[in-house]
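Colleague: My structure is below; once you've seen it, I'll send some questions.
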Amino acid sequence: MNKQQQKWLFLIVLSLVWGSSFILMKKALIGLTPVQVGALRMLISAVFLLLIGFRSIRKIEKRHWKYIVITAALGTFFPVFLFAFAINGIDSSIAAILNSLTPFNTFMFGALVFGFAFKKKQLIGILVGLIGTLVLILKGAELNPNQNYWYALLVIIASVGYAFNVNMIKKYLSDLDALAITTGHFLLLSVPALLVLTFSGFFSTFEVTPITTSSLGYVAVLAIFGTGIAKVLFNKLIHISSPVFSSSVTYVIPVVAVMWGVIDGEKLSFIQFFAGGIILLGVWLVNKAK
């Protein structure tokens, strides 16, 4: 399989996995707090990655660690909590839609801060995707007037963190394999995640009930597939493609997330389906430009 085929395979797999992550977070929040969901997600991911990738840590050189620390914070630690709180206030499908701002931020900061070259057609593709995103947001607000859209700011902040994460990995960690980067991230995050979970009162107040047990199951699936495996694939995707194409996965994620939302009783209109098609067109244009 050549790199072009690998890129699209990774994009599709990540879209399915991360698109399903939003409904998993929503279900996990039934029996756990946003802080507990975020901390448990990182801890379980850390255990899983250290089991399969501990040896890869030896590949990380001293010069890499500074960027491992920064990308771990911006690309995982803060977004995990920001999304958990956001989904506690707005529909999971809306949060996924707002996450589509990531390619725009990646493009903007990549050009302005990191000096990455771009083509005009890439900007056109991103703008097309943003149009689809705006349609989804506006229609979602119309269908869900009682949603607290201040929580949307948390998703937007997280998307900026993702943008810096993608660009920094591409520029400063491109010589390090994806498993080493991801394992290094979660090795560092395991300690603060454990501290956060401890101070959240989880160990002193948690009671085993059908609801909390179910929530833990959702977090475990989210951590292993939505964080552990997906992060390795995503870092690999960054290596074999451009930062803009890598982050364009967030344009396809809402299509999957919205489908799960409909199954779970969230409202969706024909116009939102149409907007999903516009988003896919934007992803295609970004890749075609490259």
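Colleague: Rounded to the nearest 0.05, what FRET efficiency do Leu134 and Gln4 have when you use their Cβ-Cβ distance and R0 = 35 Å?
Modeller: 0.70
Colleague: Averaging sequence separations of C-alpha pairs under 8 Å and six or more residues apart, then dividing by the length of the chain, give the relative contact order as a whole percent.
Modeller: RCO, the chain: 41 percent.
Colleague: Take the solvent-accessible surface of the protein heavy atoms, probe 1.4 Å, and return the percent of it on segment 9-95 that carbon and sulfur atoms account for. Let's see the in-between values first.
Modeller: Details: 2540 of 3590 Å².
Percent of accessible area from carbon and sulfur atoms in segment 9-95: 71.
Colleague: Of [x] 0.96; [y] 1.12; [z] 1.24, which is the value of Cα Rg over 2.2 N^0.38 Å derived from the coordinates here?
Modeller: Recomputing Cα Rg over 2.2 N^0.38 Å here gives the entry labelled [x].
Colleague: Give me the one-decimal nm value for the distance between modelled label points at Ser204 and Ile157, 7 Å along each residue's Cα-to-Cβ direction.
Modeller: 2.6
Colleague: Could you give the nm distance between label points at Trp284 and Leu143, where each point is 7 Å from its Cα heading toward the beta carbon?
Modeller: Spacing of the two 7 Å Cα→Cβ label points: 2.3 nm.
Colleague: Checking the a/c ratio against 1.5 first, then a/b against b/c, what shape does the Cα gyration tensor give for segment 132-250?
Modeller: The shape class here is oblate.
Colleague: Run the numbers on segment 33-122 and let me know its relative contact order in percent, using alpha-carbon pairs under 8 Å that are six or more apart.
Modeller: Dividing the mean separation by the residue count of segment 33-122 yields 39 percent.
Colleague: Could I ask something else about it? Tell me the carbon and sulfur percent of the accessible area for segment 187-276, rounded to whole percent, probe radius 1.4 Å.
Modeller: Answer for segment 187-276: carbon and sulfur cover 78 percent of the accessible area.
Colleague: For the chain, with every protein chain kept in place, what is the accessible area per residue (1.4 Å probe, Å²)?
Modeller: 45
Colleague: Of Thr205, Gly217, Val80, whose Cα points farthest to the positive end of the dipole of the chain (charges on the beta-carbon: +1 Lys, Arg; -1 Asp, Glu; origin at the Cα centre)?
Modeller: My answer, from the dipole projection, is Val80.
Colleague: By the gyration tensor of its Cα atoms, with a ≥ b ≥ c the square roots of the eigenvalues, what is the shape of segment 1-100: rounded for a/c under 1.5, prolate for a/b over b/c, or oblate?
Modeller: Judged from the Cα gyration tensor, segment 1-100 comes out oblate (a/c at least 1.5, b/c at or above a/b).
The values are calculated or read from the model by the stated rules, or taken from the named source; none is laboratory data. Note that the structure is predicted; figures quoted are calculated from it, not measured. Here Cβ is always computed from backbone atoms with ideal geometry, including for glycine, and neighbour counts include all displayed protein chains. All accessible areas refer to the heavy atoms of the entire protein, side chains included, with ligands and DNA or RNA removed. Shrake-Rupley method; radii C 1.70, N 1.55, O 1.52, S 1.80 Å.
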